[in-house]
1. Would you please list the contacts, defined by Cβ atoms under 7 Å and residues six or more apart or on different chains, that run from a residue in region 57-69 that is within 21 Å of residue 26 (Cα to Cα) to a residue that is of a type in the set (Ser, Thr, Tyr)?
2. Is there a residue in region 108-117 that is at pLDDT below 95, among the basic types (Lys, Arg) and either open to solvent by 50 Å² or more (accessible area, probe 1.4 Å) or in contact with a strand residue (DSSP E or B) (Cβ under 9 Å, 6 or more places away or on another chain) (or both)?
3. Checking residue 25 against (1) modelled with pLDDT under 95; (2) out of contact with any Phe, Trp or Tyr (no Cβ under 6 Å at 6 or more places or on another chain), only one condition comes out false. Which one?
4. Which condition number does residue 58 fail, the rest of (1) open to solvent by 80 Å² or more (accessible area, probe 1.4 Å); (2) modelled with pLDDT of 90 or more; (3) within 22 Å of residue 116 (Cβ to Cβ); (4) not aromatic (Phe, Trp, Tyr) being met?
5. Kindly establish whether residue 32 is within 20 Å of residue 7 (Cα to Cα), surrounded by 11 or more Cβ atoms within 10 Å (Cβ to Cβ), among the hydrophobic types (A, V, I, L, M, F, W, C) and touching a residue at least 12 places away in the same chain (Cβ under 8 Å).
6. Which one is nearest to residue 101 (Cα to Cα), of the residues in region 1-25 that are of a type in the set (Val, Ile, Thr) and in contact (Cβ under 8 Å) with a residue 40 or more places away in the chain?
7. What about residue 100, is it under 30 Å from residue 1 (Cα atoms), charged (D, E, K, R) and touching a residue at least 60 places away in the same chain (Cβ under 8 Å)?
8. Tally the residues that are more than 17 Å from residue 26 (Cα to Cα) and either surrounded by 13 or more Cβ atoms within 10 Å (Cβ to Cβ) or over 16 Å from the mean Cα position of the chain (by Cα) (or both), restricting the search to region 76-101.
Amino acid sequence: GVGMGMTAPVSITAFPAEDGSFQQKVKVSLWIPSHFQDNPPCPTDESIKIEERQGMTIYSTQFGGYAKEADYVIYAAKLKAALGSDAAYRKDFYLCNGYDPPMKPYGRRNEVWFVKE
């Protein structure tokens, strides 16, 4: 019963298939605003879980526009190529982040994150 408004980033955890596409399994995460951090409202939908994300070090790339799954896959491949074989990061998932409300037409920011091991 408590509205929290738009939060940023909206983070999608992608579990890549062998060909780099998303598997059917994805997880969408929303940031809980600061004033709710200590005592977040309890979800009324049992499919919604509150998780605490630990600090992490990431490798990141940024791009603009209205991001689609194909864009995240392309930029994940570019980030993988840029890192080469020397960088140690989680290969079983990566994070796709969008920072802008849907009605913002210009200057949009999207990122792909690989979590450093």
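The values are calculated or read from the model by the stated rules, or taken from the named source; none is laboratory data. All values reported here derive from a predicted model rather than from experimental measurement. All Cβ positions, glycine included, derive from the backbone under ideal geometry; neighbour counts span all protein chains shown. Ligands, DNA and RNA are excluded from the accessible area calculation, which covers all protein heavy atoms including side chains. Shrake-Rupley method; radii C 1.70, N 1.55, O 1.52, S 1.80 Å.
1. 59/89; 61/75; 63/75
2. No; the residues of region 108-117 include none that is at pLDDT below 95, among the basic types (Lys, Arg) and either open to solvent by 50 Å² or more (accessible area, probe 1.4 Å) or in contact with a strand residue (DSSP E or B) (Cβ under 9 Å, 6 or more places away or on another chain) (or both).
3. For residue 25, the exception is condition (2).
4. It is condition (1) that residue 58 fails.
5. In short, yes.
6. Here the residue is 10.
7. Yes.
8. Count: 15.
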